[in-house]
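The values are calculated or read from the model by the stated rules, or taken from the named source; none is laboratory data. For clarity, every value in this text was computed on a predicted model and none was experimentally measured. Neighbour counts run over all protein chains shown; Cβ positions are idealised from the backbone, glycine included. For the accessible areas, the whole protein counts, side chains as well, though only heavy atoms, and no ligand, DNA or RNA atoms are used. Shrake-Rupley method; radii C 1.70, N 1.55, O 1.52, S 1.80 Å.
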Amino acid sequence: MSIRRLNSNNLHLAAIVALVIIIVASQAHAAGLAVSNGWIRKLPANLPAAGYFDLHNGGNKAVSLNAASSPACGMLMLHKSENIGGMEHMAGVASVDVAPGATLKFAPRGYHLMCMNPGPALQIGAKVPVTLDFADGTKITTDFAVRNAAGK
Ligand SMILES: [Cu+2]
């Protein structure tokens, strides 16, 4: 075996090792988070539109959702609705924690996303990308279905 052949093999091995490290690192980074059933309730007259989804933390550490964004929404905020003395209130929240193994549902009358300035891409029947940003730097982008006020 020549020296040149040996070097080439070593480079090949190094490339495979590097690739494996990249794959393992990116999987650890995503930490078993899963977003499902994402949809946005489009209202008439471009009123702010609420977004809902299920967030499952399949990892072994708590995660903290810090922010959300979408090119279809001028600003996408984390909100929580609460019933206080029979009145529905909603307010912005800075972050939402999900315990290991837990599924948190963003659903009507609870946590939701608020699309403050719906853009032209927010059309009933369309799908729009939504990116969720977590405290550890993880970002997950999923398509959300745009439905009408009745949720259809
Ligand atoms: Cu809201």
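Looking at the structure I just gave you, is Arg147 within 16 Å of the ligand (Cβ to nearest atom) and either farther than 18 Å from Asp54 by Cβ or open to solvent by 20 Å² or more (accessible area, probe 1.4 Å) (or both)? When the stated conditions are applied, Arg147 does not pass them.
Yes or no, residue by residue, for (1) more than 22 Å from Gln123 (Cβ to Cβ); (2) open to solvent by 50 Å² or more (accessible area, probe 1.4 Å); (3) within 15 Å of the ligand (Cβ to nearest atom):
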site: Ile40; (1), (2), (3): no, no, yes
site: Ala50; (1), (2), (3): no, no, yes
site: Lys61; (1), (2), (3): yes, yes, no
site: Ser70; (1), (2), (3): no, no, yes
site: Gly86; (1), (2), (3): yes, yes, no
site: Asp97; (1), (2), (3): yes, yes, no
site: Pro108; (1), (2), (3): no, yes, yes
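Give the residue that is surrounded by the fewest Cβ atoms within 10 Å (Cβ to Cβ), with candidates limited to residues of the stretch 110-133 that are away from the ligand (no atom under 11 Å from the Cβ), assigned to a strand (DSSP E or B) and hydrophobic (A, V, I, L, M, F, W, C). Among those residues, the one meeting the criterion is Val128.
Is it fair to say Ala45 is more than 17 Å from Val130 (Cα to Cα), open to solvent by 70 Å² or more (accessible area, probe 1.4 Å), at pLDDT 95 or above and not in a strand (DSSP E or B)? No, not satisfied. Residue under question is Ala91, and the condition is that it be of a type in the set (A, V, I, L, M), within 10 Å of the ligand (Cβ to nearest atom) and either within 17 Å of Thr103 (Cα to Cα) or exposed (fewer than 14 other Cβ atoms within 10 Å of the Cβ) (or both); does it hold? Yes; evaluated as a whole, the condition is true for this residue. Which residue is nearest to the ligand (Cβ to nearest atom), if the candidates are limited to the stretch 72-84 and must be part of a strand (DSSP E or B) and surrounded by 14 or more Cβ atoms within 10 Å (Cβ to Cβ)? Ranking the candidates gives His79 first. On inspection, Leu65 does not qualify as surrounded by 12 or more Cβ atoms within 10 Å (Cβ to Cβ), within 11 Å of the ligand (Cβ to nearest atom) and either under 22 Å from Ala135 (Cα atoms) or not polar (S, T, N, Q) (or both).
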